[in-house]
Amino acid sequence: MPCPKNPTWTTSLPAAMVLMAPFDILASLAMDIYLPIVPAMPEILKTSPDVIQLTLSLYMICLGLGQIVFGLISDRIGRRPVLIGGALLFAGASVLL
């Protein structure tokens, strides 16, 4: 499906910001929830601090790679389906975990 030459913006900028802000905040919120318990995790999980730090590194790597991969997908099929799919995936994983 070719992109229109002059796409029209049908939503006001403030409305778009209100709709997009929660999705932008989720990545930061996930890290802010995780970080306070990090010092206690090695003892609780009976593992080394290195393994716990590795989880933080892997989270950041996956976050960066996800932006590249899903950015390309959203360019191909549109941002709305990718955003809705990601939100549903996040909600489903949150309920299951």
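Just so you know, all these numbers are worked out from the coordinates, no wet-lab data involved. As the structure is a prediction and not an experimental result, all values here were calculated from the model. Using ideal geometry, Cβ is built from the backbone for each residue, glycine included, and neighbour counts are taken over all protein chains shown.
Structure notes:
- A simple spin-label model places pseudo-atoms 7 Å from Cα toward Cβ; at Leu54 and Ser74 they are separated by 3.1 nm.
- Neighbour counts of C-beta atoms inside 10 Å place Phe23, Phe70 in the sequence Phe23, Phe70, starting with the fewest.
- Among the listed values (1) 20.8; (2) 16.3; (3) 17.4, the one computed from these coordinates for Kirkwood radius over Cα pairs in Å is (2).
- Rounded to the nearest 20 debye, the dipole size of the chain about its Cα centre is 440 debye, using +1 on the Cβ of Lys and Arg and -1 on the Cβ of Asp and Glu.
- With R₀ fixed at 35 Å, the C-beta to C-beta distance from Leu83 to Ala40 puts the FRET efficiency at about 0.50.
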